[in-house]
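Here the structure comes first, spelled out in structure tokens, and everything after it is commentary.
What follows is calculated from the coordinates using simple rules that are stated; it is not laboratory data. All of these numbers come straight from a predicted model, not from anything done at the bench. Here the Cβ positions follow ideal geometry from the backbone for every residue, glycine too, while neighbour counts run over all protein chains shown.
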Amino acid sequence: MQKINIICPTYREGAGARMRLIATYQLIQNVLGRENLRLCIIDSSKEALSVFGQDKIQYQNILYLHVPTKEKAVQKYARLLPKMMDFLITPEHKNFQKTKELVESWSYFIPWDDWYPRKATLLDHFLDERPSIGMKRNMAIAALEEVFGAGDVLCYADDDDFRKENYFDEMASLLQENSFVRIAKWLTCCFEEKKEPLLGINDMGFYQKANGFWVPDLTKAQELYNSRQIDGITNLIKDRYSKLITMALPPISYDGAIHVFKMSTWREGVEAFGGVLPVSLAEDIIFFMSLARHMGHQFRAKVIENETFNFIRTAHANTSLVEWTKTIHYLDMPSWAQEVVSFSNRLLVDEKSLSSFEKRIKDLIND
């Protein structure tokens with residue numbers, strides 16, 4: 001049985017914090033106690049998750065690491081998890097200058113979109129007092145191996161998405177001889193205050209052309225649905241996935257929340273270029289492209305034409321921008337997805353229900 005490492009970087013602040021809390025709790029519920037699954041939640045929020053204690057990091061097959069600032073991370077984990085801490089890049093780190101130059105070089109290639117709510121550069125996030133998402137990804141992966149030993153497969157699990165109970169086993173089985181895979185289609189759900197959730201299907205149908213470029217199998221005039229109307233953002237396929245864009249940024253590298261790859265692939269990336277770039281934008285895209293450049297034909301990436309739905313990408317308040325190709329009715333969703341959407345919507349609006357669920361998760365963790 002394959003040993004599957006799952007990493008969940010989280011940061012809860014503002015209107016979207018409740019959604020991220022709910023999704024994280026459901027992730028814990030699905031993973032806890034599973035023999036072949038090992039999850040690391042790495043949390044840079046100001047306050048730690050209340051379901052975990054303060055005196056340990058391991059709860060059965062789950063690690064919980066609270067890293068609100070780089071300084072506090074060093075104080076808390078430097079002796080306990082030294083291999084993990086090598087991926088926390090501070091000004092005192094042996095590779096600080098080298099990594100800083102790498103971040104600056106990528107900044108010219110991966111610009112910040114004008115609509116992004118926090119005006120910053122890749123370098124700003126690299127130098128921020130909080131660990132970047134890229135740092136947290138590397139740290140979580142290293143921590144899992146440091147505590148549980150070598151793993152076989154790595155699955156990303158963002159803190160604002162939902163997955164079918166056997167999602168991770170399904171994705172690991174689809175990896176096969178490939179270095180990297182992602183599913184081709186998934187469900188979406190936009191939760192809105194005092195309204196019925198807006199449901200959709202994201203089905204781009206990406207395929208690889210003879211020249212190696214990945215393109216969506218949709219007409220250029222088709223318009224995507226969008227969870228937020230933002231000035232400067234176009235929803236047309238011909239603009240979102242123009243030839244120039246797909247040549248520069250392969251679409252298969254987007255949507256890091258559904259990335260699955262071999263642990264050996266990450267280790268090779270660490271040896272070659274330091275692993276996931278320690279920034280908080282496009283770190284997944286940059287990691288993918290760096291692997292493709294370094295490994296050449298040995299890097300086998302694939303879009304899985306999944307026949308069933310096992311993933312829901314969500315949007316609520318300031319959580320991730322979500323796009324979908326067509327709408328879907330609640331009753332046309334798989335039963336597991338109906339249950340997740342209904343339950344999560346109730347937790348969003350009912351404080352008593354959320355408190356009860358939180359207590360249940362805490363009891364499971366400490367059982």
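Just a few scattered comments:
- For Glu283, the shell of other residues with beta-carbons less than 12 Å away shows a net charge of +1, using +1 for Lys and Arg and -1 for Asp and Glu.
- A DSSP coil position with no more than 15 other Cβ atoms inside 10 Å describes the following GluC sites (Glu not before Pro) in the stretch 96-186: Glu129, Glu165, Glu177.
- What the Kirkwood sum gives for the stretch 4-365 is a hydrodynamic radius of 21.0 Å, with every pair of different alpha carbons counted.
- Comparing Pro91, Gly149, Ser105 along the charge dipole axis of the stretch 62-161, the residue lying farthest to the positive side is Pro91, per the Cβ-charge model.
- If R0 is taken as 45 Å, the Cβ-Cβ distance between Glu165 and Gln97 corresponds to a FRET efficiency of 0.50.
- Relative contact order (%) - the chain, alpha-carbon pairs under 8 angstrom, separation at least six: 24 percent
- Share antiparallel - DSSP beta bridges, the chain, percent rounded to 5: 50 percent
- Protection proxy ranking, peptides 11-19, 276-284, average beta carbon neighbours within 10 Å, highest first: 276-284, 11-19
- Unit charges on C-beta of K, R, D, E only; dipole of the chain, Debye: 380 debye
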